[in-house]
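Q: Quick one: structure below, then a few questions.
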Amino acid sequence: KQWYQRRVAITAGVVKQTPAPPANKVCSIFGDPHIKTFDGHFYSFQGECTYVLAMDCTGYSWFIYGRFSNCGDDVTCIEALTFMKFIYIDGAYVGTATAEIKRGFGINIDGVVSGLYEGGSMSISELTTSEITFDGVLMTVDLGDVQVEWDGLAFARVIVAPGTPSCGLCADSNGDATNDVDNYRFGVRPSGLSFADTWGIGYRRGLCEVLALDNIPVEEDLVEEVTTWLIESPVPFSLVPDDVLVRVGWWYYLRGVAIDKVKAEPTFRWYVYCSTLRALVAALADQGYKFERWD
């Protein structure tokens, strides 16, 4: 806990408005898992299996998998991320670059597990410029067409350029959030399976647990309690304009915190709902509101 708190820079809350970065499409996976798709649709899915988070759905040139596992009593979060990129030179296939990042920042490349110091970098394959870097807080994997950020515990982001043809739990990036949970694998919904179920590795009943989306109810009084807790805490969410909070989906993050706080507190899995707050802070940074210091 102390290590994680130091990495998150827990001090007095300070927020700084900076110019918003280019509008890439960002999919966030956080908490017990909650997912914000590339187009901004929020849903929760507590599957315990390996799923396709995102992939190139036209050229099949890259794939990102997330392994969700138990991280406490009745709590599920990301255990590992796996990356695959098919490499072509002058149109000819020459190999595949593959890497896995485990919870705690262990890096597995071709069966050799290693790590990175703060400020370090590592090539994924001699056949590509794709690399892994670590800034002391987030580990970033740059595959060229897609980047992934990972906090080593329960928060990850997949970042693509607008218009990138994608599919998986992060859904497509066509600018329409209303069709995201209709983004079934192979385009067809099998009987009894949710959108997210179809992206389980193996894609057959029994291999991964079958779960409905948003199947954990939350009392609205608890959401209001979380809202008050955040506004009155040293973390200065109250300094961010209301229209920006609405734009990033503030209410959905609050619901995620409410769900995670109830499930995490009996076993002190504080990092689960902390990762949901990290996702909110990252979303605000994308809007130009950067939390330089955080209690």
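Q: What does the accessible area of ILE216 come to, in Å² to the nearest 10, when a probe of 1.4 Å is used?
A: Roughly 50 Å² of ILE216 is accessible to a 1.4 Å probe.
Q: Continuing with this model, one more query. Would you kindly find the accessible area of MET84, with a 1.4 Å probe and non-protein molecules such as ligands, DNA and RNA excluded, rounding to the nearest 10 Å²?
A: The accessible area of MET84 comes to roughly 50 Å².
Q: For ILE89 and LYS290, what does the FRET efficiency come to when R0 = 35 Å and r is the distance between their Cβ atoms, rounded to the nearest 0.05? Intermediate values should be presented prior to the final figure.
A: On the way: r = 39 Å, r/R0 = 1.13.
It comes to 0.35.
Q: By the gyration tensor of its Cα atoms, with a ≥ b ≥ c the square roots of the eigenvalues, what is the shape of the range 34-114: rounded for a/c under 1.5, prolate for a/b over b/c, or oblate? Before the final figure, lay out each step's value.
A: On the way: a/c = 3.38, a/b = 1.43, b/c = 2.36.
Judged from the Cα gyration tensor, the range 34-114 comes out oblate (a/c at least 1.5, b/c at or above a/b).
Q: While we're here: Specify whether the C-alpha gyration tensor of the range 80-162 places it in the rounded, prolate or oblate class, a ≥ b ≥ c being the square roots of the eigenvalues: rounded for a/c under 1.5, otherwise prolate if a/b is larger than b/c and oblate if not.
A: Since a/c reaches 1.5 and a/b is larger than b/c, the shape of the range 80-162 is classed as prolate.
Q: Right, next: Can you give the FRET efficiency for THR129 and SER69, using 1/(1 + (r/R0)^6), R0 = 25 Å, r = Cβ-Cβ distance, to the nearest 0.05? Could the numbers behind the result be given before it?
A: Numbers: r = 31 Å, r/R0 = 1.26.
After rounding to 0.05, the efficiency reads 0.20.
Q: A further question on this structure: Efficiency by 1/(1 + (r/R0)^6): what FRET value for CYS57 and TRP251, r their Cβ-Cβ distance, R0 = 25 Å, to the nearest 0.05? Spell out each step's value before the answer.
A: Details: r = 30 Å, r/R0 = 1.20.
After rounding to 0.05, the efficiency reads 0.25.
Q: Sort ASP242, ASP110, ASP180 by heavy-atom solvent-accessible area, probe 1.4 angstrom, most to least.
A: Values: ASP242 115, ASP110 140, ASP180 0 Å².
Correct descending sequence by accessible area is ASP110, ASP242, ASP180.
Q: Ranked by accessible surface with a 1.4 Å probe, highest first, in what order do HIS41, HIS34 come? Let's see the in-between values first.
A: Working: HIS41 55, HIS34 10 Å².
Most to least solvent-accessible, the answer reads HIS41, HIS34.
Q: Could you check the simple spin-label distance between ALA23 and VAL113, using points 7 Å along Cα→Cβ, in nm with one decimal?
A: 4.3 nm
Q: Related question: Quick one: how many Å² of GLU131 are accessible to a 1.4 Å probe, rounded to 10?
A: In the full protein context, GLU131 sits at about 70 Å².
The values are calculated or read from the model by the stated rules, or taken from the named source; none is laboratory data. All of these numbers come straight from a predicted model, not from anything done at the bench. A quick note on method: Cβ atoms are made from the backbone with ideal geometry, for glycine too, and the neighbour counts reach across all protein chains shown. The protein model used for the area step is the full one, side chains on, heavy atoms only, and it has no ligands, DNA or RNA in it. Shrake-Rupley method; radii C 1.70, N 1.55, O 1.52, S 1.80 Å.
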